[in-house]
1. Expected output is a single nm value to one decimal: the length gained when fully extending between ILE30 and GLN242, i.e. 0.36 nm times separation in residues minus the C-alpha distance. What is it?
2. Quick one: accessible surface of MET143, probe radius 1.4 Å, all protein chains present, in square angstrom to the nearest 10.
3. Could you state how much accessible area ARG276 has, in square angstrom rounded to the nearest 10, with a 1.4 Å probe and all protein chains kept in place?
4. Calculate, for PHE147 and ILE305, the FRET efficiency according to 1/(1 + (r/R0)^6) with r their C-beta to C-beta distance and R0 41 Å; round to the nearest 0.05.
5. Given a 1.4 Å probe and every protein chain left where it sits, what share in percent of the accessible area of region 143-286 is carbon and sulfur?
6. Net charge near GLN255, counting Lys/Arg +1 and Asp/Glu -1 over other residues with Cβ under 15 Å of its Cβ?
7. Once the piece of chain linking GLN317 and ALA189 is laid out straight, how much longer is it, given 0.36 nm per residue of separation minus the C-alpha distance between them?
8. Order ASP213, ASP133 by their accessible area, 1.4 angstrom probe, all chains in place, largest first.
Amino acid sequence: MFETLNTMITNSLGPAGPLLVVAGLAVLLILATLPFMLNSKPDPLDRLKERNREKLNDQTRAVLRDKRRNEKLNKYAQFLEPQDEKELGNIREKLMQAGYRSKEAVQLYYFAQFALGLGGLAAGLGYYFLALDPETLSMQNKMMYIFGPGVVGYLAPKYWVNKRKDKRQSEIEEAFPDALDMMLVCVEAGQSMEQSIVRVSKELRGSYPALSDEFEIVTYEIKAGKDRGKVLNDMADRCGVQDVASFTTVLNQAQTFGTSIGDALRVYAGEMRDKRVMRAEEKANKLPTKMTLTTMMLTVPPLLIILVGPSAVGITQLGN
């Protein structure tokens with residue numbers, strides 16, 4: 001019976017027929033389990049624990065986290081978050097460095113991977129069965145058309161987050177020397193470090209919103225009573241830029257040893273300006289190398305046509 005069924009599937013769908021049937025059954029099973037997962041009832045014991053916890057920590061939980069708008073995501077957190085604490089910390093840090101600081105960012109990230117992966121797989125299967133002829137395609141092309149969109153959909157959120165992270169870090173790196181100069185002016189004018197950060201955050205809002213947001217978070221955390229050294233270290237982790245990490249180290253050392261913050265800012269601001277000039281010179285030195293291939297492709301063929309073309313035409317006419 002299995003051989004007959006295998007022969008029928010192979011004759012209908014081609015050599016990759018059994019594989020397509022197995023993939024289709026897997027997709028159908030996944031789609032069939034989704035309604036049960038969405039409509040599953042919570043465990044009574046968990047509900048009792050949650051009720052007791054709400055009675056004991058009602059006010060605290062209301063301040064720390066409001067779950068009313070994200071009840072569905074929190075319900076399936078075990079499916080939308082990695083169970084390994086190290087992996088969860090790494091992806092959360094990457095999302096914060098990309099600018100996604102909400103508590104549901106990790107869950108939304110994995111949900112986007114899951115949804116886009118299944119959507120791409122369904123689109124690939126639909127395109128394969130509706131728009132292609134299975135008999136004229138090789139096994140490699142069939143796998144590419146079926147699983148390619150699913151792989152692209154699964155990797156799309158990761159690519160987007162990495163691009164956002166690189167763009168945001170570049171913006172912070174470019175804005176940081178100007179922010180240090182402005183902070184130095186504020187400190188030398190008699191303002192405290194906290195007041196300088198507030199002023200710099202307001203002044204940078206129009207030009208560099210990413211760095212302005214980070215300074216604004218620092219001001220809020222300091223006003224909330226958090227230790228300034230810990231606040232600055234958290235800022236360095238959120239930015240993921242070496243210049244910011246070095247800046248926080250300089251300020252923490254100045255606070256620890258009791259040295260002047262203005263002197264430390266003056267020296268470090270000068271180093272950041274020199275570093276920005278060095279980065280600009282490095283890009284300028286790389287430009288001729290990058291332009292070599294383009295120059296050859298756009299210059300040599302027209303030059304050969306201009307120089308050799310008349311000679312070739314003359315030789316052809318002499319031959320005739």
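The values are calculated or read from the model by the stated rules, or taken from the named source; none is laboratory data. Here the structure is a predicted model, which is why all the values come from computation and not from measurement. Here the Cβ positions follow ideal geometry from the backbone for every residue, glycine too, while neighbour counts run over all protein chains shown. With ligands, DNA and RNA removed, areas are computed over all heavy atoms of the protein, side chains included. Shrake-Rupley method; radii C 1.70, N 1.55, O 1.52, S 1.80 Å.
1. Answer, rounded to one decimal: 71.9 nm.
2. Answer for MET143: close to 80 Å² accessible.
3. 80 Å²
4. E between PHE147 and ILE305, to the nearest 0.05, is 0.35.
5. Ligands and nucleic acids excluded, carbon and sulfur give 55 percent.
6. Taking every Cβ under 15 Å from that of GLN255, the sum is 0.
7. The GLN317-ALA189 span can extend by a further 37.7 nm.
8. Result of the area sort, largest leading: ASP133, ASP213.
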